[in-house]
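Presented below is the structure to which this report refers.
The values are calculated or read from the model by the stated rules, or taken from the named source; none is laboratory data. If you're wondering where the values come from, they're calculated on a predicted model, not measured in any experiment. Glycine also receives a Cβ, built like all others from the backbone with ideal geometry; neighbour counts cover every protein chain displayed.
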Amino acid sequence: MPLEPKISVNEREFLLDALRQNLRLSGRKLDALRPLSITFDPDDYGVTEVQLGKTRIRAHTQTTITNPPPSRPFEGTLTITAELSPLTAPHFELARPSDTEALLSRLLEKSIRRSGALPVESLCLLAGDKCFNLRVTVHVLAHDGGLPTAAFVAVLASLMTSRVPATEVRGGEVQVFTAEEREGVRLQLVHVPIAVGVSVFDGGAIGVVDADGMEEQAREGEVVVVGNEVGEICGVTKWGGVDVGAVELVGMVEEARKQCEGVVKWLKGKVEEEEKRRAKRDHAGERSAENQR
Amino acid sequence: MPIQILPPAPAISLGNEGAQAVDIDDEGDVDMGGLSLKTALESHAAIVTPGEVITDDPQWMRGHGTTQEEGEYAICSTLAGTLIKTNKLLSVAPLRARYRPSIGDLLVGRIVQVQSRRWLVDVAAPLLAQLQIAAINLPGGTLRKRTAVDELNIRSFFSEGDLLVAEVQALYQDGSAVLHTRSLKYGKLRNGYFMSVSGAGGSLGPSGGRKKGGVVRSRRQMFTMTTPGAGGELDVILGVNGYVWIAMRIGDTTEEKDVGFNRMEEVVGKEMYSSQNASIPAATRREIARVAAVIKALVEVGVRVDEDMVVKAYEASLELDMDAEMDGYGTTEFIGGERARQIVEIALERSK
Amino acid sequence: MIDERGDRCPGCTKWYWYQSASHTFTDSSRTQSSSQHLHSSRMPLDTSSYTLSQLRLDGRRWNELRRIHAQISTHAAADGSSYLEMGNTKVVCTVTGPAEGRRAGGQGGGGDVLDVRVEIGLAGFSGVERRRQVRGDKRIFEMAHTITESLNRTLLTNLFPRSTLSISLHVLSQDGSLLAALINAATLACVDAGVPMKDYLVACTAGCMSAGAPPPPQVKADDDGSNDPILDLTALEEQELPFLTVATVGAEDKVAALVIESRFHAGRLDEMLAVGVDGCKRVKELVDEVMNMAPKSRASVRRAQLTRTITDAFAVKLRDLIWSRGATATPPIRLALVARPRVALHCSGGIFRLIPVPVGGCACRALAVGRLDARLKGAHWQGFGTMGSDGRAVAIEGGFT
């Protein structure tokens, strides 16, 4: 098994020295995110690829119809799984899920599901009998830090642009229409939670937003903040690491949460653009069909 | 005077078993001076706990079990244990901890791994101890150099699971021990019973007042006990790491006759590394079991385990049996519960 | 003498939980000075006059911890072990090591520091429904990861190169604040195993009464306290309210771990964190007490609690008495345990001795004899105090002679 490459002591010291002078090796400010970009699959719904610096993540939403769990007959299901395979970096294995993978999956699941971003009741078709099962798979294509941010953007964008098939319930029977018969239905998201990580250096004295791969290796702790567009906190996670003063911690959380708001605004704009583009294209298609006939 | 009501003082005196720090004068009045003490060092608190400031006086130096932030004078404890002052050195001996080896300790260990030129030995320490092939008595005399043949036959001396008694010869930087058995007293163990009790713990000074029982360092940790009746003699080895070996004594050739270098070959060669147990008579087995039970009783009550206590407690158990027999109850083989406590009490009284 | 589950309030039928009265003092001193507290009728010692709306489902006030009971050295086979209860959340922890890593050579890492491994086992009967633990449960994994990462920075791991510390935690009963209980139990077991650490790693939960997303509240004069943050949540409260789990190193505001899994307005964070960190301070005191009392029997601990309760109650009553005498100033009152079960009430210059006398049944009477400060013209006060079985309700009869 190849080991994760470690940064050298020199690099670590240099990085820390620079941070103490408010400088980052990438030239960014301490509280600046790397440039985000997003591409939507032109042919398919709910497939997105997000790039954050050198980190690339692809998310894919699939919809199937299943039976709801007996304990929750009025709810559909939403599962989010992250995958880090050898194609991300050689030290990730397919057979053995790494800690990074498990923690990322858990972060996505708990922050999106438990904050009720997607009301699972809306996925119910027939109470206790049929419901939609949404499955979002997150593939990390390249890992250079900032996995939570990129993954959240990818998953949310995927959910916002995906369609569930149109259905009709008639006398206890569900009729599902294909995309050709009837256009799919957009998912109704209540709010859009986005994660931004603050990495802690120098015994808790320095907080750095959106660390890249090298900074992640040198850091002493991390606070991942999930926030949405209406000024709410949907989750904060600091899995140990160096201890941070309570007051500084609140400051870091607030800083990251503000960044979240910015990202959500940007993402909503992008999705809107995409939907418009799609609508235009679909109309164009219809017109062209008419013309042909 | 402004209104001022102080909150109740914390229960400092609880740790001191009553009124150690508080003087009560004739009238029953109380001097509260003892309660306003600032640090553990001054208050002679029974134990210190992690994070507790021991002293902020710059005259002290920090030792084991303490930390000192850079540029600060305050010395904090990192363990729960008793405070030990050696001149100006402050250290904390933990109430309970794994054995940490120090040079010269007599240990009982178990081979866990055989490598090409050495064995790794479990001695109940944070790391496995090493025993180099050069550090044992090779058959054919002590003054022989090890050869390639010895390395090939390494399993014929010790193999996995063998028990041995050895001494700590050196320590590595990481705290792991290097053992040697270059003495006729040391080597492979046979014909006996192994038991594990808690060891010397924090390897610091004498055992503190509140520390729980266990094997302590002492002058003699290998000794012979004579048993009444057909039991014969027993060898008892109290390893500082808490491993104890109780065995039947056989083959007194080494001790009784003065072994010269010319005879060494014979002695070492013949039986040193044999794994064959002798047949042990039932009476001896019974006495081995009794010694083991007595040691267990000492540990349970929390009394130190050393030669003096083991012998005295053993005698006490014999006497209790004899008393019971005379009273017509018959002997009992059970040494535990109330009986164990009784035995330890008698032993403690006699050792005063 | 003290009921295992808590105490029954004399005034109403509610059960209330307590740590000891001295903690009640520290509770209130957080928001108001203690002298104010003693005077105000808003938060008297016995809860009978406390409006029900301000009490939580189990009868606690917003800033009260549940009863914490802990023991160390519970398992002979382990190098260190502990048993911890926070209310009805019950956890057992055993620690093995530091010992040479079993999987030698593997796992990379280099191993220049102690390798901390945490395993969590959920007993099938620990929750409301009987349920077998799923292998690879991510929630459990995350908790184990949090404990590992927090301990990595708290324990002095550089002292044990190439060694492994295996911490295995078993959950016997779940009733909220599970992660906090696990962290506290792990800390105790590590102390018991003699692994050096910077300071105790302690944790507790804090929640917020107004869930949803209202803007941060304006502090109003008529605030009835119903929007207060609350401390140490039970399972029921965790289900309904947003909450956080916070772990601190020692009694300072140093946050080692923070886990929030619910949605709430960002303006609520600081007050919740403040209450959580404050709770950690008290948990630290309690955990420290466990270490200090480890060799003692439970009975003696209870007796000590009882005695302390008496002293606290007496302090309040005595102050009232002094004030009722028309004194314009109150001398500082200091309470101390002298020798169990005797108690001294120190009243600058004057000394009171309180002698709790067990009376038939569970009641306990305390006799207070003493003299007061010279400024009160040498008044000599004598009286009896009666205490209920709960160790709280105290009536003092007596007067100055």
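Test each condition in (1) at pLDDT 80 or above; (2) surrounded by fewer than 20 Cβ atoms within 10 Å (Cβ to Cβ); (3) more than 14 Å from chain C (Cβ to nearest Cβ) for B:LYS296 and report the one that comes out false.
Status for B:LYS296: all satisfied but (3).
Restricting to region A:111-126, name every residue that is within 11 Å of another protein chain (Cβ to nearest Cβ) and assigned to a loop (DSSP other than H, G, I, E, B).
The answer is A:ARG114, A:SER115, A:GLY116, A:ALA117.
Could you list, in sequence order, the residues of region A:177-210 that are small (Gly, Ala, Ser) and under 18 Å from the mean Cα position of the chain (by Cα)?
A:ALA195, A:GLY197
As an exercise: evaluate C:PRO98 against (1) surrounded by 21 or more Cβ atoms within 10 Å (Cβ to Cβ); (2) more than 14 Å from chain A (Cβ to nearest Cβ); (3) not in a strand (DSSP E or B) and give the number of the one condition it does not meet.
Of (1) surrounded by 21 or more Cβ atoms within 10 Å (Cβ to Cβ); (2) more than 14 Å from chain A (Cβ to nearest Cβ); (3) not in a strand (DSSP E or B), only one is false for C:PRO98: (3).
Does at least one position in region A:6-16 carry a residue that is touching a helix residue (DSSP H, G or I) at 6+ places or on another chain (Cβ under 7 Å) and under 28 Å from A:HIS139 (Cα atoms)?
yes
Look at A:LEU156 and say whether it is outside any strand (DSSP E or B) and touching a Leu at 6+ places or on another chain (Cβ under 7 Å).
So A:LEU156 fits the description; yes.
What is the number of the single condition among (1) touching a residue at least 40 places away in the same chain (Cβ under 8 Å); (2) out of contact with any helix residue (DSSP H, G or I) (no Cβ under 8 Å at 6 or more places or on another chain); (3) not hydroxyl-bearing (Ser, Thr, Tyr) that A:ALA195 does not meet?
(2)
Before we move on, is A:GLY213 surrounded by 16 or more Cβ atoms within 10 Å (Cβ to Cβ), more than 14 Å from chain C (Cβ to nearest Cβ) and over 16 Å from the mean Cα position of the chain (by Cα)?
Yes, satisfied.
Does A:GLU272 qualify as being away from chain C (no Cβ under 14 Å), out of contact with any His (no Cβ under 8 Å at 6 or more places or on another chain) and modelled with pLDDT of 90 or more?
In short, yes.
Output the strands (runs of 3 or more DSSP E) that fall wholly within region C:227-281 and possess 1 or more residues being closer than 15 Å to A:VAL244 by Cα and within 11 Å of chain A (Cβ to nearest Cβ), or say none.
C:243-249, C:254-260
Picking from A:LEU78, A:LEU30, which residue would you name as being at pLDDT 90 or above, over 14 Å from A:LEU147 (Cβ atoms), among the hydrophobic types (A, V, I, L, M, F, W, C) and in a strand (DSSP E or B)?
On inspection, the qualifying residue turns out to be A:LEU78.
For region B:123-132, what are the residues that are of a type outside the set (A, V, I, L, M) and more than 8 Å from chain C (Cβ to nearest Cβ)?
Scanning region B:123-132 gives B:GLN130, B:GLN132.
Among the numbered conditions (1) out of contact with any Cys (no Cβ under 9 Å at 6 or more places or on another chain); (2) buried (at least 18 other Cβ atoms within 10 Å of the Cβ); (3) away from chain C (no Cβ under 14 Å), tell me where A:PRO68 comes up short.
Tallying (1) out of contact with any Cys (no Cβ under 9 Å at 6 or more places or on another chain); (2) buried (at least 18 other Cβ atoms within 10 Å of the Cβ); (3) away from chain C (no Cβ under 14 Å), A:PRO68 fails exactly one: (1).
So in region B:164-220, with the set limited to residues that are under 16 Å from the mean Cα position of the chain (by Cα), closer than 22 Å to B:VAL301 by Cα and more than 14 Å from chain C (Cβ to nearest Cβ), which one is modelled with the highest pLDDT?
For region B:164-220, the residue satisfying everything is B:PHE194.
Looking at region A:75-110, which of its residues are surrounded by fewer than 17 Cβ atoms within 10 Å (Cβ to Cβ) and either more than 14 Å from chain C (Cβ to nearest Cβ) or of a type outside the set (Asp, Glu) (or both)?
A:THR79, A:THR81, A:SER85, A:PRO86, A:LEU87, A:PRO90, A:HIS91, A:LEU94, A:ALA95, A:ARG96, A:SER98, listed by residue number.
So is B:ALA97 assigned to a strand (DSSP E or B), touching a residue at least 60 places away in the same chain (Cβ under 8 Å) and either in the same structural domain as B:VAL303 (by TED's automatic domain parsing) or not hydroxyl-bearing (Ser, Thr, Tyr) (or both) or not?
Taking the combined requirement at face value, the residue does not satisfy it.
Here's a check for you: in region C:150-184, which residue that is within 11 Å of C:GLY80 (Cα to Cα) and surrounded by 24 or more Cβ atoms within 10 Å (Cβ to Cβ) is farthest from the chain's Cα centre (by Cα)?
The selected residue is C:LEU165.
Test A:ALA279 against the stated conditions and say whether it is outside any strand (DSSP E or B) and within 30 Å of A:ARG12 (Cα to Cα).
No: the conditions fail for A:ALA279.
Yes/no matrix, rows are residues, columns are (1) closer than 22 Å to C:GLY136 by Cβ; (2) among the hydroxyl-bearing types (Ser, Thr, Tyr); (3) in contact with a Phe, Trp or Tyr (Cβ under 8 Å, 6 or more places away or on another chain):
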| site | (1), (2), (3) |
| --- | --- |
| A:PRO90 | no, no, no |
| A:ALA102 | yes, no, yes |
| A:CYS131 | no, no, no |
| A:ALA142 | no, no, no |
| A:SER162 | no, yes, yes |
| A:GLU180 | no, no, no |
| A:ARG186 | no, no, no |
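Would you mention how many residues in region B:127-154 are at pLDDT 90 or above and of a type outside the set (A, V, I, L, M)?
Total satisfying the criteria: 2.
Determine, yes or no, whether A:VAL224 is more than 7 Å from every other protein chain (Cβ to nearest Cβ) and more than 30 Å from C:LEU156 (Cα to Cα).
No; evaluated as a whole, the condition is false for this residue.
Exactly one of these conditions fails for A:SER98: (1) in contact with a strand residue (DSSP E or B) (Cβ under 9 Å, 6 or more places away or on another chain); (2) under 15 Å from A:ALA151 (Cβ atoms). Give me its number.
The failed condition is (1).
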